[in-house]
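In what follows, a single structure is set out as structure tokens and then discussed.
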Amino acid sequence: MIELCRRFAAKAATFEQAAHKILSHHEGARSRVINVDLTRQKLTSLSLQQHDLFQQALECVEYGIFRAAHVMAWAGFADLLEEKLASDSFVKLHARNPAWSKYTTVEDLRENVNEYQLIEAARALGLFSKPAMKALHGLLSKRNECAHPSAYQPELNETLGYVSELLKRAEDIKKKTL
């Protein structure tokens, strides 16, 4: 009897996997979330902290907590951007923004310079183009809508697109040097 139950459970698990695979191709299906594995594979090139933040964003997607997913994905991207700006011990950032010379650690920078300004500074240092800067300002604005009380309620597709776009932009920035 126990063996019969085990075989039934194995068949049920196989059926569930097959059903998720089929349903994941339909836009509104909750099974679509199961296929964030491809996105997870992109996390391998990130630092442990960035990996953890993006991983939490993907877990939020899986649980349908879309606003939190936006916030966590942005946190992962912002961490990568701040680390890139610090990659030369802030030499180029301080040369471009002398008033920021008093900020000698990533933590100092996080606490004293807003992310909008960091994006502009990164653009000035050649980490991305002007159109990319504008797109990042837009993504930051979406994050702000999710992080603060607002009527904005992102859905599954918006959230998957948001996380995916931030990961793509993170990959692009990782390839650059200051």
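Having 2 or more residues that are open to solvent by 10 Å² or more (accessible area, probe 1.4 Å), at pLDDT 95 or above and not aromatic (Phe, Trp, Tyr) is the bar; report the helices (runs of 4 or more DSSP H) wholly within region 7-94 that clear it.
48-62, 66-85
Check region 159-174 and report whether any residue there is open to solvent by 50 Å² or more (accessible area, probe 1.4 Å), at pLDDT 95 or above and part of a loop (DSSP other than H, G, I, E, B).
no
Among the residues of region 98-155, write down those that are open to solvent by 30 Å² or more (accessible area, probe 1.4 Å), closer than 20 Å to LEU167 by Cβ and assigned to a loop (DSSP other than H, G, I, E, B).
Of everything in region 98-155, those that are open to solvent by 30 Å² or more (accessible area, probe 1.4 Å), closer than 20 Å to LEU167 by Cβ and assigned to a loop (DSSP other than H, G, I, E, B) turn out to be SER129, GLU155.
The values are calculated or read from the model by the stated rules, or taken from the named source; none is laboratory data. A quick note: this is a predicted structure, and the numbers were derived from the prediction, not measured. Virtual Cβ from ideal backbone geometry, glycine too; neighbours counted across all protein chains shown. Note: accessible area is taken over every heavy atom of the protein model, side chains too, but ligands, DNA and RNA are not part of it. Shrake-Rupley method; radii C 1.70, N 1.55, O 1.52, S 1.80 Å.
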